[in-house]
Amino acid sequence: MLQGKRGLIVGIANEHSIAWGCAQAAQAAGAELALTYLNDKAKPYVEPLATQVNAAIFSALDVTNESQMEQLFAEIKQRWGRLDFLIHAVAFSPKADLQGRFIDSSGAGFAQAMDISCHSLVRLAKAAEPLMAEGGSILTMSYYGSEKVILGYGMMGPVKAALEASVRYLAAELAPQGVRVNALSPGPIKTRAASGLAHFDQLLQKNADAAPLHQLVTLEQIGSTACFLVSDQSRQIIGQVIYVDGGFNIQG
Ligand code: NAD
């Protein structure tokens, strides 16, 4: 499905990361990959995974670091001359702001969460745009807490709502040049980011019980849907939020 495609995946922390599920599936589908790691502390966990999928490019990227972003895209341009897809699977919120009531969240914490979890998609899309002159596909990761109030999701709900709106605006702006932007919205899955959420085990149980499929989503299922969404097979899908949650979101 992705034979001959070259893609950048941002957001692998370890083998439980959603971005890792996407990387494995994309490599199996024939893509050549550029992967990033957050910082020196994260590198030893991500490097063996990059080796496992034969990543052609492996670079540090903190999305708040402008010069790292410039260096990464300069390397992609120099090595590949183009980029076919970009998967953004990044989120951050200061713990105190995340675990408290939304009404108590700090302005600084909210701004940081919005910058790293939402506006970083806008910056990455802008950096990718000139490399997608022949078209491309950009995908980010959202969550149902954008739409409904989910116990324990707190400040990230409004942040994901902004992310989904950003997807629609970016999609409308980039569609004329053949660049598609979408979000994938997986059901809850145990990752490092998820471990920062209060009541997460309850959330897993609730999803397994209430989803029509009565199963939790796996990294493989998220990865294969991500591959479809960044492939040419989904070329009419633009500005959408696609749920991969066993049907949990349709349940009243
Ligand atoms: P994860 O902890 O494996 O991944 C989060 C990634 O964000 C990490 O790789 C981390 O290094 C990266 N990150 C944080 N700050 C960064 C920065 N400044 N610069 C660059 N990278 C930074 O957890 P995950 O669950 O795989 O999260 C990936 C995405 O999936 C997130 O957007 C998350 O909100 C979303 N998501 C997760 C779930 C879930 O239940 N786990 C459900 C729906 C959506």
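Surface exposure of the chain, expressed per residue as accessible area with a 1.4 Å probe, stands at 47 Å².
Which whole-number percent gives the relative contact order of the chain, counting Cα pairs below 8 Å spaced six or more residues apart? After rounding, I find 21 percent. For the chain, the 222 nm mean residue ellipticity estimated from helices alone, with every DSSP H stretch of n ≥ 4 adding -39500 (n - 2.57) and the total spread over all residues, rounds to -12000 deg cm²/dmol. Short-range pairs are left out: with C-alpha atoms under 8 Å and at least six residues apart, the relative contact order of region 137-252 is 33 percent.
Close amide H contacts of A60 (hydrogens built in the peptide plane, cut-off under 5 Å, sequence separation of 5 or more or a different chain): Y37.
Using alpha carbons only, how many angstrom separate the centre of region 1-20 from the centre of region 40-54? Spelled out, the Cα-based centre of one part sits 12 Å from the other.
If you run the Gaussian network model on the chain, springs between alpha carbon atoms under 10 Å, then out of V217, V241, V181 the most flexible one is V217. Across region 55-64, rounded Karplus estimates of 3J(HN,Hα) from the backbone phi angles (6.51 cos²θ - 1.76 cosθ + 1.60, θ = phi - 60°) give 4, 6, 10, 9, 9, 6, 8, 9, 5, 8 Hz, Gly and Pro being marked x. Length gained on full extension, K126 to E147: 4.9 nm, using 0.36 nm per residue less the C-alpha separation.
Positive end of the dipole of the chain (Cβ unit charges, origin at the Cα centre): among I189, Q215, G157, the Cα lying farthest that way belongs to Q215. Pairs of Lys residues in the chain, spaced 8 or more positions apart or belonging to different chains, with C-alpha separations under 22 angstrom: 16 in total. Karplus-derived 3J(HN,Hα) values for region 160-166, using 6.51 cos²θ - 1.76 cosθ + 1.60 with θ = phi - 60°, are 5, 4, 5, 4, 5, 5, 4 Hz; glycine and proline are entered as x. Principal-axis analysis of the Cα atoms of the chain puts helix 66-80 at an angle of about 50° to the longest axis.
For region 71-150 versus region 183-252, the spacing of their alpha-carbon centroids is 18 Å. Overall, the chain carries a charge dipole of about 100 debye about its Cα centre when +1 sits on the Cβ of Lys and Arg and -1 on the Cβ of Asp and Glu, all other atoms neutral. Our summary gives region 21-152 a relative contact order of 22 percent, counting only alpha carbon pairs under 8 angstrom and 6 or more residues apart.
Restricted to Cα atoms, the chain shows a radius of gyration and a Dmax of 17.1, 50 angstrom.
The values are calculated or read from the model by the stated rules, or taken from the named source; none is laboratory data. Note that the structure is a prediction, hence the values are computed from the model and not measured. Heads up, the Cβs are rebuilt from the backbone with ideal geometry, glycines too, and the neighbour counts pull from every protein chain shown. We work out accessible area using only protein heavy atoms, side chains counted, and drop any ligands, DNA or RNA first. Shrake-Rupley method; radii C 1.70, N 1.55, O 1.52, S 1.80 Å.
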